Amino acid sequence: MITPAFELTQDPDFLTVKIRVPYARASEFDIYFEGEDFKFYAKPYFLRQLTLPGRIVEDGREKASYNTDEGTFTIQLPKEVPGQYFEGLDMLTSLLAPKKSRSAKPLVEEIAASAELSEDNEEEFDWEVEQIPYEESTPPLQHPYGFGNLRSGVFQRLQDELSDVIDVKDPDQTPAEERRRKRLAAEAAKFEPDHYLADFFEDEAIKHLLKYKPWWIDAHKKMTALQGESHQEHDSPAFVVFSEEEREQMRKFTNKSYLLDKRSRHHVYLGLIDILLAYCYEICVNEGDKNVESSWNIRKLSATLCWLEVSFSSIHDVLVSFGRRVLCYPLYRHFGLVTRAFNDTVMILQLGKAAVLKCLLDIHKIFMESDPAYILNDLFITDYCIWIQKVKSKKLAALCESLQKTTLSKSHMGLELEELEAAAVLVQEEEKALKAAGTVSKQQLLCSESETSDSEESSSTSSSETEGSDSDEQESSTSEDGEINSFQGTLQEERTAPLIDCNGLRQGTNTSAMEVADGKSKVSLQSTTPLGKLVEELEMQIHSAMRLSEQPEGLATAGCISQEQEENPIPEPDRFSEDAAGKGNFLEVSPKPDPFLFLCSTHEDED
């Protein structure tokens, strides 16, 4: 027989059951309901029994209809107490009748491990069995794990998949306290300060991830708004909607009961928080999308799944374990993600067990699609999906309140995060100071370089000017030297020229030569007639101009020499000679006499 797909809804007066039977005959079906029981049959579909959360009654108001296009039956059943709210109508697994043949024997065997035996089986005791005195012995597998610590010996048969699923080695022979010690040592060895500080200072990507809003944030806002408007109790299905795939998952689960002692229940609740924290982190960092790392993130961040941790003593221990693992293993290691996962878990618990179940179903699907992680479904997630549907909402609300009151800070991590951050900030400030000092020195260096370049430019300019002036000076000195040389040549000519005494006669050995030359010139000049007379007159005027003037000693000579030194700074030439009387005779002789000058001077003399 096929278990049909179904869903239950309600209003204040009726409970509505919608059953999908596309291949059934609409003319052949049976419906049975009484009190809390409901049964449906339409070949080949058989809904054997639903255990309802409230009582229904047959009073003539019940209705049934069939939609041929959709192939669905819709049945309305009146409530025995009008206005009563039926809680947990979306918990489909818990509504299905338990299958005793599949669950009774394992439950008895699991409960035996918790030493809570019933005396119902005393009739089966074999009195003929040899009696042995009781001795407390240690069984080879005394370290249970899994949901409610009900499993053991699983990993002895799965050694190949062990390393890909959990971190603890040989869990069947490792006590709970030793698992805890090894876990803490592994986390301390895995913590990388550089990775943490990189995410702490360069947190742009993390800020972007923290802006993501999963589905439970909007549902929580709606719930808070409705609670403020009405005092009526609202169950989470009003805000949490299951997909058809999720409903199919719930229908496939085997409904069973869990008899747990107080310590085991305590571990189950704490483990639930641990698993939800890891799931919230995964949803946040991947923004709701699934990838190949999703199953790794969830099982790696949950010590319950990765280390089979059963030694949590409080909610604070769970938060510390989760926080340490977030800062040691995944890609994004930021304390802000720990706080975000904590707040999201509080919201999910406040929404009720429907929201918790929706998250567990998603985890179940993720692990089912991962080859080694499916073992964790058998150990934990499937049992959590069945168990949560039967948990009372008041206990879940109390758990949420306790979680909300718990505080978590960086100092609780045991990784010296605050000291590490303070040291990093100090180093960063020092680097900024050094960088600022380097910038100032660089600016000063640039200024000094610019000043040096300016001075070099000015010096080059001045040097060029100096070179220009030097070249000008050289040119002027060259011209001056030329003048000086010409003047010195003139003086030399004057020195080598025959001196004339006071009577106009030449002195020295060259007198006769000059006379012969003068004679020749006279002859040559006199031979030219009409110009000859003019030349003779000019010669006479020249001879009259070339007279020897007598002046007071050193007066006229000093004036001429000082004027020549101002114009041409040359060594003082020997221009005058002294006679026997000690008087200086100044001789003005020009090697190339200017006739016009002589004419001017002649006219002045005549005047």
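Remarks
- Counting the residues of the stretch 371-424 that are in a loop (DSSP other than H, G, I, E, B) and basic (Lys, Arg) gives 2.
- Any hit, the stretch 299-307, residues being open to solvent by less than 10 Å² (accessible area, probe 1.4 Å), in contact (Cβ under 8 Å) with a residue 40 or more places away in the chain, farther than 22 Å from Leu162 by Cβ and in the same structural domain as Leu259 (by the TED database): no
Listed here are the residues, each with its yes/no results for (1) touching a residue at least 24 places away in the same chain (Cβ under 8 Å); (2) over 22 Å from Glu248 (Cα atoms); (3) in a strand (DSSP E or B).
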| site | (1), (2), (3) |
| --- | --- |
| Thr9 | yes, no, yes |
| Ile19 | yes, no, yes |
| Glu28 | no, yes, no |
| Asp37 | no, no, yes |
| Phe40 | yes, no, yes |
| Phe46 | yes, no, yes |
| Arg55 | yes, yes, yes |
| Asp59 | no, yes, no |
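- Residues that are of a type in the set (D, E, K, R) and at pLDDT below 80, drawn from the stretch 208-240: Glu229, Glu233, Asp235
- For the stretch 13-71, a tally of residues being under 28 Å from Lys390 (Cβ atoms) and not small (Gly, Ala, Ser) returns 33.
- Meets criteria (under 25 Å from Lys256 (Cα atoms), at pLDDT 85 or above and open to solvent by 40 Å² or more (accessible area, probe 1.4 Å)) for Tyr85: yes
- Here the stretch 59-80 is the region considered, the condition is being open to solvent by 50 Å² or more (accessible area, probe 1.4 Å) and polar (S, T, N, Q), and the residue that is farthest from Ala24 (Cα to Cα) is Gln76.
- First in the stretch 169-182 and assigned to a helix (DSSP H, G or I), second anywhere and open to solvent by 70 Å² or more (accessible area, probe 1.4 Å), Cβ under 6 Å, 6 or more apart: Asp172/Gln156
- Thr3 closer than 21 Å to Leu89 by Cβ and either among the charged types (D, E, K, R) or touching a Lys or Arg at 6+ places or on another chain (Cβ under 9 Å) (or both): yes
- Test: residue in the stretch 404-412 that is open to solvent by less than 40 Å² (accessible area, probe 1.4 Å) and not polar (S, T, N, Q): no
Rundown of residues vs (1) in the same structural domain as Val326 (by the TED database); (2) over 23 Å from Val338 (Cβ atoms); (3) in contact (Cβ under 8 Å) with a residue 12 or more places away in the chain, yes/no style:
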residue: Phe380; (1), (2), (3): yes, no, yes
residue: Ile386; (1), (2), (3): yes, yes, yes
residue: Lys390; (1), (2), (3): yes, yes, yes
residue: Ala398; (1), (2), (3): yes, yes, no
residue: Ser409; (1), (2), (3): yes, no, no
residue: Met413; (1), (2), (3): yes, no, yes
residue: Glu429; (1), (2), (3): no, yes, no
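- Single condition Leu360 does not satisfy, out of (1) in contact with a Cys (Cβ under 6 Å, 6 or more places away or on another chain); (2) under 25 Å from Asp194 (Cβ atoms); (3) crowded, with 23+ Cβ neighbours inside 10 Å: (2)
The values are calculated or read from the model by the stated rules, or taken from the named source; none is laboratory data. The model shown is predicted, which means the values in this text are computed figures rather than measured ones. Here Cβ is always computed from backbone atoms with ideal geometry, including for glycine, and neighbour counts include all displayed protein chains. For the accessible areas, the whole protein counts, side chains as well, though only heavy atoms, and no ligand, DNA or RNA atoms are used. Shrake-Rupley method; radii C 1.70, N 1.55, O 1.52, S 1.80 Å.
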